[in-house]
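Enquirer: Structure below; questions to follow.
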Amino acid sequence: MVAKMILPLLGGAPSVWNTCLFFFQAALLLGYGYSHLTTSWFSVRRQAIIHSILLLLPLGFLPISVAKSWVPPQEANPISWLLALLLLSVGLPFFVVATSAPLVQKWFADTGHPASSDPYFLYTASNLGSMLGVLSYPILIEPNFSLTQQSWLWAIAYGLLALSTLVCAVFLWRSPEEGNRTSPQPTTNKIPLSFPAWRGWGADKDNSEEEELNNLAENSKFINPNSFLPPTIQQKTQWVLLSFLPSSLLLGVTTYLTTDIAAIPLLWAIPLAIYLLTFILTFARKPRLPHNLFGAILPVFLAILTILFLIQVMQPIWVLFPLHLLGFFVAACVFHGELARSRPSTKYLTNFYLWISVGGVLGGLFNAIAAPLLFQSVLEYPLIMILSLLLWQTPKDADDSLSSLQRRFTFPISLGLLIGTLLVGFSGNHLTSNLIGNFLAFSLLIIIFYSFNLHPIRLIIGLFLIFFISQFSIGSLGGILDTERSFFGVYRVLNDRRGDYHSLLHGTILHGKQSLTPERRHEPLTYFHPTGPIGQLFKSFNTNKHPSRVAVLGLGVGTLAAYSEPEQQWTFYEIDPTVEKLARDTRYFTFLQDSKAPLSVVLGDARSRFSEASDNTYNLIFMDAFSSDSVPIHLITREAIQLYLSKLTQDGLIVINISNRFLNLEPVLGALAQDLGLSTLRQREVNISEYEREIGKSPSHWVLFARNERDFGNLINDSRWQPIPQTKQVPVWTDDFSNIFRVLRAFGA
């Protein structure tokens with residue numbers, strides 16, 4: 001909900017979602033820290049008083065809203081700006097909510113209830129609620145409620161949570177004092193450990209105390225006597241690492257799938273739901289997962305997925321998507337399963353959750369903040385998979401067949417395939433690149449090595465793998481001329497030798513192409529081909545009607561500048577400075593340099609910067625902004641179209657590119673036109689010949705808006721252009737309401 005509120009300010013890049021997720025992980029850490037400190041320092045009655053007061057503080061910040069007056073930095077990385085906005089807008093309410101799970105579990109553990117000795121099943125319930133929230137938002141909440149309504153519903157739900165927690169506090173106050181309460185017996189679950197030396201650094205060496213604890217564990221049928229000891233530094237470090245790896249993999253697989261494989265709408269919800277599901281399954285009272293089997297096959301998954309990433313296999317999507325998600329599911333189950341197996345007695349419950357949340361925050365910090373600055377591609381994803389592969393070893397309690405399977409086959413074979421791939425793709429051209437990233441990865445490896453007492457050979461192999469993965473390159477094989485990464489994604493400039501073209505890709509989505517043949521150098525290609533809808537539009541302008549001032553929201557490689565004429569003035573609006581840098585690099589593209597008209601590029605969010613233009617300025621406005629394959633929602637809402645109209649001359653045109661493989665946005669624009677009293681024309685060119693594809697043309701889908709249909713000129717008589725049929729089935733999209741689920745092509749839109 002909050003990420004969607006931010007759309008009109010910053011757009012919908014995957015990094016926006018990752019940064020929001022990191023912020024909420026950080027707030028979760030603070031909430032868990034509060035729960036740990038209050039339960040450590042104060043009696044239960046004082047805890048009840050303090051928390052009751054805390055529950056009332058967020059009421060002044062409800063309903064939640066995001067300050068629309070904040071303007072993101074136009075050229076700098078917006079991460080710090082976004083974190084500050086989230087802190088001021090939703091920091092306190094979410095911090096208080098984050099305190100609930102560990103605090104209520106600790107309160108329950110201090111009661112005399114029969115189940116109080118093992119309250120970790122409540123963690124399953126907590127994550128089940130989170131997963132239901134993630135899945136219900138795009139399917140039930142977003143389609144039926146505006147953001148304002150959602151915010152009020154959230155405020156009401158918070159009130160119910162606060163009231164329920166206050167009732168718990170009252171019962172806690174009325175319960176016997178701690179000294180008079182019968183101490184809960186240790187859990188009767190049998191929890192075997194997979195990793196050796198859990199006590200490790202700083203463990204108490206008092207043999208008499210250890211004997212007593214062992215007897216207690218034996219009497220209670222509890223196989224892990226160390227769970228009654230204070231957590232050691234080594235054990236806390238293990239908890240952090242076991243939560244860090246799945247957290248990092250969550251953001252890594254989300255970024256990779258949504259940028260490098262396919263920009264499928266709502267995809268971000270699936271990895272997060274899987275992540276929460278693994279907590280639910282592993283912390284259940286009676287876990288049913290084949291933990292040892294998952295551990296045995298994990299190296300195979302990690303090696304295969306790392307190799308597929310390195311050699312840039314992106315097809316077929318229907319195979320790669322489930323393969324990456326399944327690999328992530330297995331890895332998260334394994335590491336979260338180890339967390340569940342190593343959980344301490346209820347005395348150290350809040351301490352346990354605190355260190356888990358530290359690992360989650362570090363995973364978010366590594367992926368959302370550090371990785372875009374350190375790596376030119378989504379290299380953090382395979383790096384964490386390699387560290388996960390090196391960490392995992394055969395569980396002590398594994399049966400002989402599974403132990404043998406991993407020790408003799410899966411692990412050595414996986415390492416062999418991975419090392420062979422890295423050797424084949426080794427390039428000496430990147431020896432000085434990724435130095436800081438490599439140092440960070442080496443440091444993580446060393447921490448893992450000492451924390452889990454791994455065999456020295458794993459450390460040596462790990463150092464080798466990290467170095468070689470940063471030097472891996474198939475650039476010459478794949479025709480990659482340049483790779484750049486920014487907050488908004490990964491861009492690649494490719495040389496297509498079959499047609500002698502240079503192309504710019506954002507993930508897997510083509511954002512522009514130019515012919516290297518001198519006689520075709522000025523020819524607009526892809527969605528803007530002269531024989532396509534845009535070529536028809538410019539051909540329809542007679543000599544007297546050529547627009548004098550043109551605005552283009554979205555730069556790409558500047559292809560539209562090929563249609564410029566002398567005496568015109570063109571202005572491009574582009575959110576990402578990296579795109580302008582590549583578009584102006586004459587080694588790759590020359591459309592901007594070759595423009596017949598003077599042009600300028602205004603950096604920043606298109607809608608925000610466009611609002612600064614004078615009213616009634618432009619004769620022609622192109623909305624051609626994309627985030628990978630998706631049109632940013634905040635650029636096609638009622639408020640956005642009204643903004644464009646205010647900057648348009650009385651007889652001007654608004655031209656919107658809605659070419660998309662997964663969304664049919666035509667009914668949305670039709671509803672907006674009806675609402676605003678505008679005339680429309682649309683053309684969807686799907687079927688193009690193989691010859692047209694070879695000469696650089698792409699299928700496209702365009703919509704024209706005008707105040708009066710006579711402003712369309714000759715196009716009104718062109719049978720290829722038709723008005724959008726009127727419909728009342730699609731509600732008007734606004735900054736406050738949109739429904740992606742409704743316009744998915746997979747659902748008959």
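Enquirer: If you check Ser564, Ser503, which single one turns out to be touching a Gly at 6+ places or on another chain (Cβ under 8 Å) and at negative phi?
Expert: Answer to the selection: Ser503.
Enquirer: Of the numbered conditions (1) in contact (Cβ under 8 Å) with a residue 12 or more places away in the chain; (2) more than 23 Å from Phe712 (Cα to Cα), Pro524 fails exactly one; give the number of that condition.
Expert: Tallying (1) in contact (Cβ under 8 Å) with a residue 12 or more places away in the chain; (2) more than 23 Å from Phe712 (Cα to Cα), Pro524 fails exactly one: (2).
Enquirer: If you don't mind, another one. On the given criteria, is Phe572 at pLDDT below 90, aromatic (Phe, Trp, Tyr), in the same structural domain as Asn739 (by TED's automatic domain parsing) and buried (at least 20 other Cβ atoms within 10 Å of the Cβ)?
Expert: Here the answer is no, as Phe572 does not meet what is asked.
Enquirer: As an exercise: evaluate Ala562 against (1) in contact with a Phe, Trp or Tyr (Cβ under 6 Å, 6 or more places away or on another chain); (2) surrounded by 24 or more Cβ atoms within 10 Å (Cβ to Cβ) and give the number of the one condition it does not meet.
Expert: If we test Ala562 against (1) in contact with a Phe, Trp or Tyr (Cβ under 6 Å, 6 or more places away or on another chain); (2) surrounded by 24 or more Cβ atoms within 10 Å (Cβ to Cβ), just (2) comes out false.
Enquirer: Only one of these is within 19 Å of Leu135 (Cβ to Cβ) and in the same structural domain as Ser248 (by TED's automatic domain parsing): Leu320, Leu276. Name it.
Expert: On inspection, the qualifying residue turns out to be Leu276.
Enquirer: Go through segment 555-581 and give me each residue that's free of Cβ contacts under 8 Å to residues at least 60 places away in the same chain and either within 27 Å of Pro73 (Cβ to Cβ) or part of a strand (DSSP E or B) (or both).
Expert: Of everything in segment 555-581, those that are free of Cβ contacts under 8 Å to residues at least 60 places away in the same chain and either within 27 Å of Pro73 (Cβ to Cβ) or part of a strand (DSSP E or B) (or both) turn out to be Leu555, Val557, Gly558, Ala561, Gln569, Trp570, Thr571, Phe572, Tyr573, Glu574, Glu580.
Enquirer: Okay, next question. For segment 631-638, does any single residue satisfy the condition of being among the charged types (D, E, K, R) and over 24 Å from Leu715 (Cβ atoms)?
Expert: Yes, there is a match, as at least one residue in segment 631-638 is among the charged types (D, E, K, R) and over 24 Å from Leu715 (Cβ atoms).
Enquirer: Turning to a different aspect of this structure: Taking the stated definitions as given, is Gly652 closer than 30 Å to Ser503 by Cβ and not charged (D, E, K, R)?
Expert: Taking the combined requirement at face value, the residue does not satisfy it.
Enquirer: So how many residues does segment 508-554 have that are under 13 Å from Ile695 (Cα atoms) and part of a strand (DSSP E or B)?
Expert: 4
Enquirer: Is it true that Gly677 is farther than 30 Å from Trp17 by Cα, of a type in the set (Gly, Ala, Ser) and surrounded by 22 or more Cβ atoms within 10 Å (Cβ to Cβ)?
Expert: So Gly677 does not fit the description; no.
Enquirer: Another question, if that's okay. Suppose we filter Leu302, Leu267, Leu339, Leu354 for residues that are surrounded by fewer than 20 Cβ atoms within 10 Å (Cβ to Cβ) and either in the same structural domain as Gly252 (by TED's automatic domain parsing) or of a type outside the set (Lys, Arg) (or both); which single one remains?
Expert: Matching residue, one of Leu302, Leu267, Leu339, Leu354: Leu267.
Enquirer: When the residues of segment 582-602 are filtered to those that are assigned to a strand (DSSP E or B) and of a type in the set (A, V, I, L, M, F, W, C), which remaining residue is farthest from Pro524 (Cα to Cα)?
Expert: Checking each candidate, the answer is Val602.
Enquirer: Given the criterion of a type in the set (Gly, Ala, Ser), buried (at least 18 other Cβ atoms within 10 Å of the Cβ), within 20 Å of the chain's Cα centre (by Cα) and modelled with pLDDT under 90, identify the matching residue among Gly295, Gly364, Gly359, Gly327.
Expert: Gly364
Enquirer: Give the residue that is surrounded by the fewest Cβ atoms within 10 Å (Cβ to Cβ), with candidates limited to residues of segment 119-149 that are among the aromatic types (Phe, Trp, Tyr) and part of a loop (DSSP other than H, G, I, E, B).
Expert: So the residue we want is Phe145.
Enquirer: Please tell me if Lys596 is free of Cβ contacts under 8 Å to residues at least 40 places away in the same chain and among the basic types (Lys, Arg).
Expert: For Lys596, the condition - free of Cβ contacts under 8 Å to residues at least 40 places away in the same chain and among the basic types (Lys, Arg) - is met.
Enquirer: Still on this structure: Go through segment 80-92 and give me each residue that's under 19 Å from Trp17 (Cα atoms) and not hydroxyl-bearing (Ser, Thr, Tyr).
Expert: Listed by number, the residues that qualify are Trp81, Leu82, Leu83, Ala84, Leu85, Leu86, Leu87, Leu88, Val90, Gly91.
The values are calculated or read from the model by the stated rules, or taken from the named source; none is laboratory data. Worth saying up front: this structure is predicted, and the values here are computed from it rather than measured. Neighbour counts are summed over all protein chains in view; Cβ atoms, including those assigned to glycine, are modelled from backbone coordinates with ideal geometry.
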